[in-house]
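Structure first, then comments.
The values are calculated or read from the model by the stated rules, or taken from the named source; none is laboratory data. What you are looking at is a predicted structure, and each value in this text was computed from that prediction instead of being measured. All Cβ positions, even for glycine, are placed from backbone atoms using ideal geometry, and neighbour counts span all protein chains on display. All accessible areas refer to the heavy atoms of the entire protein, side chains included, with ligands and DNA or RNA removed. Shrake-Rupley method; radii C 1.70, N 1.55, O 1.52, S 1.80 Å.
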Amino acid sequence: MDFPDAHAERTPDKVAYELGDTQVTYAELVDDSIRIANLLRERGIADGDVVAILLPNVVGLLEVAWAAQRSGLRYTAIAEHLTASEIAYILADSGARALFTARSHAPVAAKALAEVGAPIATFLVDGPAEGEGDGSADGFEDLRALLPAQPATPTGPEREGVDLLYSSGTTGRPKGVAANLPDAPLGTAPGTAPFLQATWGFDADTVYLSPAPLYHAAPLRTSMTVQRFGGTVVVLPKFDAATSLRLVEERRVTHTQMVPTMFVRLLQLPDEVRAAADLSSLRAVIHAAAPCPPEVKRAMIDWVGPIVDEYYSCTEAVLLTVIRSAEALERPGSVGRPVLGTPHVLDADGNELPAGEHGTIWSEGGLDFSYLNAPEKTEATRNERGWRTVGDLGYVDADGYLYLSDRREDLVLVGGVNVYPQEAENLLVAHPDVADAAVFGIPHPEYGAEVRAVVQLRPGIDGTPERADALLEHVRERLTAVKCPRVLEFADELPRTPTGKLLRRVLKDRYAAR
């Protein structure tokens, strides 16, 4: 497996990635990554140290990641929507020695750094705004201004680094998923490359549309893997359905990776817009990160063809499953069969359940990991047989296909009956009036919990009491009564991370307080 340097030598003018109006060639990507690596080395940052990346999708992010990757460093990409205290926690927990951010995030970064208190080198990747001086105010250095003084060739040993990514933190403090440093020559730690090549044919001709935030594990890892192959990454600053279609046509995109909420936005485009889009270059539309309602997946397959594939995994990579379009149509709701690890479904006492019964999903095999600075949390993911879990619930059918129910913390226990919110959510999202939906439980004095729903309607549709009753009836006709929301309310927007994960805990707290 190559490193971008090989492509910079063979095809220096080929576009490594583009973002907005900017195209970055392999020669430029490699030159900047070497200079940034030299700068870090000059500041004494080396040998497994951590650099943090607090950036939206901007030019410079991938150069910083490759600088760390070529320097034997760990790099942690921080979600840009976090608060100063949350950022400070990750900086302190990871032991970051450097922070790369942008002008737009400098104020929150400054607050986070003040909370940490430890010395951390801080760089602005996009320099100062016009008329703002040299960009070094408040301790932030202008990265672009520093690079010309750095040599264009490595000033020290080069070894493969590794990402140090944090779980999304949708249910509490995020946890750093620490993998061992490869301690290997450049180009010899391919990561996800063999899987992506074998499963979806990623190669040097790949044009990959990355519409999600690069701080998330899948977009960052996949984008960098495409650049190991010598392909081109088309990065969206922020997801927009119409822009995505335009770029697929204009850039002849071959592969893309999305989350189900993006599918919903694409399907809600006017019929004439979707019909006019030339999607003939697409070879794979991959999705993950959140459960996809079967009706949404079917609609995508009907539109773009049988190239809509799903995988299920997690940042910890204890289990990896894949399901192709044809299989998904035959087994709606399944996330496929394993290609890494072997799933086992256990009850609360650790007993293995037969096919078709819901329980906690454990994996035998998969990659090893530990949570940084949290041995007790790491230990809680393992059982006496060495199997591991991240707390997802589901079942395996008689043919070995895995189905997800929910995460354990999202399970609603109503009068002793397990209710999986995803079932009602899938039905609501499939309704033509609905843009997004959330189902969750709040405390109830008699039954222990009560099922609630909050719905975001499509533009132009009013949230009347009659509309709420109609949506509730839509669910009641398809689910048993105990699984149905007792109350349905409307909201302008639901709390989701930019990667599509629903923040149910925000809704639980909000509506329980009311």
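At-a-glance table
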{"read-out": "Sole residue being over 24 Å from Met258 (Cα atoms) and among the aliphatic types (A, V, I, L, M), chosen from Leu479, Leu402", "value": "Leu479"}
{"read-out": "Hits in the stretch 96-113 (condition: under 21 Å from Tyr166 (Cα atoms) and either open to solvent by 80 Å² or more (accessible area, probe 1.4 Å) or part of a loop (DSSP other than H, G, I, E, B) (or both))", "value": "Arg97, Ala102, Lys111"}
{"read-out": "Members of the stretch 37-86 found to be polar (S, T, N, Q) and within 16 Å of Val177 (Cα to Cα), listed by number", "value": "Thr76"}
{"read-out": "Matching residues, the stretch 348-364, being assigned to a loop (DSSP other than H, G, I, E, B) and free of Cβ contacts under 8 Å to residues at least 40 places away in the same chain", "value": "Ala348, Asp349, Gly350, Asn351, Pro354, Glu357"}
{"read-out": "Tally, over the stretch 491-506, of residues that are closer than 24 Å to Gly460 by Cβ and open to solvent by less than 60 Å² (accessible area, probe 1.4 Å)", "value": "5"}
{"read-out": "Failed item, numbered, when Pro107 is tested on (1) touching a residue at least 24 places away in the same chain (Cβ under 8 Å); (2) over 19 Å from Ala178 (Cα atoms)", "value": "(1)"}
{"read-out": "Helices (runs of 4 or more DSSP H) wholly inside the stretch 219-317 that include at least 2 residues being over 30 Å from Ile361 (Cβ atoms) and in contact (Cβ under 8 Å) with a residue 12 or more places away in the chain", "value": "241-251, 271-276"}
{"read-out": "Criterion: touching a Phe, Trp or Tyr at 6+ places or on another chain (Cβ under 8 Å) and surrounded by fewer than 16 Cβ atoms within 10 Å (Cβ to Cβ) - qualifying residue of Asp410, Asp397, Asp469, Asp462", "value": "Asp397"}
{"read-out": "Unmet criterion (only one of (1) part of a strand (DSSP E or B); (2) open to solvent by less than 20 Å² (accessible area, probe 1.4 Å)) for Ala328", "value": "(1)"}
{"read-out": "Within the stretch 74-95, considering residues that are assigned to a loop (DSSP other than H, G, I, E, B) and β-branched (Val, Ile, Thr), the one most open to solvent (accessible area, probe 1.4 Å)", "value": "Thr83"}
{"read-out": "Strands (runs of 3 or more DSSP E) fully within the stretch 410-484 counting 3 or more residues that are under 19 Å from Pro293 (Cβ atoms)", "value": "434-444, 448-457"}
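Yes/no per residue for (1) modelled with pLDDT under 95; (2) open to solvent by less than 50 Å² (accessible area, probe 1.4 Å); (3) outside any helix (DSSP H, G or I):
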position: Met1; (1), (2), (3): yes, no, yes
position: His7; (1), (2), (3): no, yes, no
position: Asp13; (1), (2), (3): no, no, yes
position: Tyr17; (1), (2), (3): no, yes, yes
position: Leu29; (1), (2), (3): no, yes, no
position: Ile34; (1), (2), (3): no, yes, no
position: Ala37; (1), (2), (3): no, yes, no
position: Leu40; (1), (2), (3): no, yes, no
position: Gly44; (1), (2), (3): no, yes, yes
